[in-house]
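Input: a single structure, listed below in structure tokens.
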Amino acid sequence: MKNFLNTTIREAGAIAKEFFRQGVSHRMKANLGDLVTDADIAVSNFLVNTIHKKYPDHHIHTEEEGDDVNPGASYEWVIDPIDGTRNFAHGIPFWCIMVAVLKNNELYMSAIYNPLTDELFFAESGRGAFFNEQKIAVNDVNSLDHGFGLAVRTHNTHKEEEFKKVLARLNQETSAWVHGFGTMLPACHLASGGVDFIITNCGFDHDYLPAALICREAGAVVSDSDGNPWTRARRDIIIANPNLHPKILELFK
């Protein structure tokens with residue numbers, strides 16, 4: 001399954017990369033920040049069809065389809081065909097393809113692929129996280145001062161008011177560098193030590209599941225903003241190394 005997942009996500013990346021080079025039109029789904037392109041649909045269809053052919057009894061969920069394949073099966077594939085569609089649609093080269101595999105509702109494998117740089121991040125539960133076959137780990141930063149992180153919040157979702165306060169506290173009480181990129185790709189950079197923390201309440205299962213396993217297997221703490229282990233359907237997620245994670249949670253108090 002590991003070889004199949006890594007090969008298939010690379011093939012999906014080649015499809016997306018060709019669309020990106022040619023340029024694509026986009027249309028709005030729920031709001032101006034929620035776009036879809038022909039590339040999203042093409043990559044989604046490729047992944048669903050390829051996985052279903054290999055594993056016809058598995059559950060498959062993709063962001064771009066309303067109906068799942070084989071819901072309730074013990075294995076579930078969760079697909080985000082292009083994470084960072086807004087970047088993709090506007091020619092910004094910062095997006096990726098993400099796939100998570102769950103076994104009996106527990107994260108089992110995941111892969112995140114950046115076709116433009118040929119960066120493949122992979123994790124298997126209990127076996128670590130890898131970047132192009134090399135094992136990776138989070139850094140040991142223990143202070144928010146001069147820390148490099150992502151802090152994003154949206155409205156009408158988990159902990160909206162708390163996130164407003166935390167963003168204000170990050171700006172007023174720390175010298176942390178706070179950025180936003182419109183994709184979960186920086187979670188891979190956190191897993192490999194380049195990013196120090198991620199705070200967001202904007203994502204869904206297809207956004208968080210692949211990154212959660214990679215970061216966890218790289219040694220990060222992955223929780224909700226209450227400090228509990230992050231679980232599906234929670235739109236708030238906090239990711240940081242074990243030294244920094246409790247200091248992030250302090251901002252929510």
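The values are calculated or read from the model by the stated rules, or taken from the named source; none is laboratory data. Quick caveat, the model's predicted, so the values are computed rather than measured. Glycine also receives a Cβ, built like all others from the backbone with ideal geometry; neighbour counts cover every protein chain displayed. All accessible areas refer to the heavy atoms of the entire protein, side chains included, with ligands and DNA or RNA removed. Shrake-Rupley method; radii C 1.70, N 1.55, O 1.52, S 1.80 Å.
Below, the figures for the structure above:
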{"item": "Residue in the range 123-134 that is of a type outside the set (V, I, T), in contact (Cβ under 8 Å) with a residue 40 or more places away in the chain, more than 28 Å from Y75 (Cβ to Cβ) and out of contact with any strand residue (DSSP E or B) (no Cβ under 7 Å at 6 or more places or on another chain) present", "result": "no"}
{"item": "3 or more residues touching a helix residue (DSSP H, G or I) at 6+ places or on another chain (Cβ under 7 Å): qualifying helices (runs of 4 or more DSSP H) within the range 180-253", "result": "185-191, 205-217"}
{"item": "The range 112-152: number of residues that are over 22 Å from F197 (Cβ atoms) and at pLDDT below 95", "result": "0"}
{"item": "Qualifying residue in the range 98-113 (condition: more than 16 Å from I9 (Cα to Cα), out of contact with any Cys (no Cβ under 6 Å at 6 or more places or on another chain) and charged (D, E, K, R))", "result": "yes"}
{"item": "Condition met for E119 (open to solvent by 30 Å² or more (accessible area, probe 1.4 Å) and in contact (Cβ under 8 Å) with a residue 24 or more places away in the chain)", "result": "yes"}
{"item": "Test: W95 is of a type outside the set (V, I, T) and touching a His at 6+ places or on another chain (Cβ under 7 Å)", "result": "no"}
{"item": "Criterion (among the small types (G, A, S) and open to solvent by 70 Å² or more (accessible area, probe 1.4 Å)) met by exactly one of G91, G84, G66", "result": "G66"}
{"item": "Qualifying residue in the range 1-14 (condition: in a loop (DSSP other than H, G, I, E, B) and at pLDDT below 95)", "result": "no"}
{"item": "Qualifying positions in the range 39-63 - surrounded by fewer than 16 Cβ atoms within 10 Å (Cβ to Cβ) and not in a helix (DSSP H, G or I)", "result": "P56, D57"}
{"item": "Tabulated pairs, the range 1-25, first farther than 25 Å from E133 by Cβ and open to solvent by 50 Å² or more (accessible area, probe 1.4 Å), second acidic (D, E) and in a helix (DSSP H, G or I), C-beta under 7 angstrom, 6+ apart or interchain", "result": "F19/D38"}
{"item": "Restricting the range 141-155 to residues that are part of a loop (DSSP other than H, G, I, E, B) and not hydroxyl-bearing (S, T, Y), the residue that is least open to solvent (accessible area, probe 1.4 Å)", "result": "G147"}
{"item": "Those residues of the range 62-85 which are more than 15 Å from the chain's Cα centre (by Cα) and either aromatic (F, W, Y) or under 19 Å from A211 (Cβ atoms) (or both), in sequence order", "result": "E64, Y75, E76"}
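Quick grid of which residues meet (1) modelled with pLDDT of 95 or more; (2) polar (S, T, N, Q):
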{"position": "K53", "(1), (2)": "yes, no"}
{"position": "H58", "(1), (2)": "yes, no"}
{"position": "E64", "(1), (2)": "no, no"}
{"position": "V69", "(1), (2)": "yes, no"}
{"position": "Y75", "(1), (2)": "yes, no"}
{"position": "I79", "(1), (2)": "yes, no"}
{"position": "G84", "(1), (2)": "no, no"}
{"position": "F88", "(1), (2)": "no, no"}
{"position": "N105", "(1), (2)": "yes, yes"}
